[in-house]
Amino acid sequence: MVALAAGGTVYAVMNGDDGTSGALPAPTTSAPATPTDPGTRSPSPSPSLSSPSPSPEEGEIPETYLGTWTTTINGADTRRLTLTQGEAGDTVLRLVADGEAYHCEFAAALNRPPTAQSPLTLGPSEVTTGEPLSSCSPGAATEVTLLSDGRLQRLNPTTGEKLTYDRG
């Protein structure tokens, strides 16, 4: 059940980054929109960004990725993504998706840290909390890249949907 919910979150985050292609399906009168956790995939990190090699005790994720990132979808729905240190298999992503009729929280594990040739890769997300739970769906695996302007982009490589986050 948790894996199913996390995947929905990834799907929601992956459904848009500019408010026109939101992470949520259009609301209906019969049921609230189901937030999913959309992800972001982008080409390899910008050449100006190096891919540091943290020491084993620090984990595998470069410090520049770590912390809390935020974005807004459709002008009102918010996403707060937090990346923490870890190694492959560790839960390193926490995502909170809030809208008028829902509150969903998701988690995802690190599949692969970023390199000069590839983005940070996260496994499918799981729903950890949801109100109403029926409004929260797990999401697919995603890729995370730091952009040259300091923002973070999360991409669903299967659908091409992405969201761009500001540090926050």
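The values are calculated or read from the model by the stated rules, or taken from the named source; none is laboratory data. All figures in this text were calculated on a predicted structure; none of them were measured in a lab. Ligands, DNA and RNA are stripped out before the accessible areas are found, and what is left, the full protein with its side chains, is counted by its heavy atoms. Shrake-Rupley method; radii C 1.70, N 1.55, O 1.52, S 1.80 Å.
Brief remarks follow.
- Multiplying the residue separation of R167 and Q117 by 0.36 nm and removing their Cα-Cα distance gives an extension gain of 15.7 nm.
- Contour minus Cα-Cα distance for A76 and L133 (0.36 nm per residue): 18.5 nm
- Taken over the alpha carbons of segment 51-148 as equal point scatterers, the Debye sum produces base-10 log I(q)/I(0) values at 0.11, 0.14, 0.17, 0.18 Å⁻¹ of -0.34, -0.54, -0.76, -0.84.
- Largest to smallest accessible area among T68, T164 [probe 1.4 Å]: T68, T164
- Of all accessible heavy-atom area on segment 78-125, the percent that carbon and sulfur account for (1.4 Å): 48 percent
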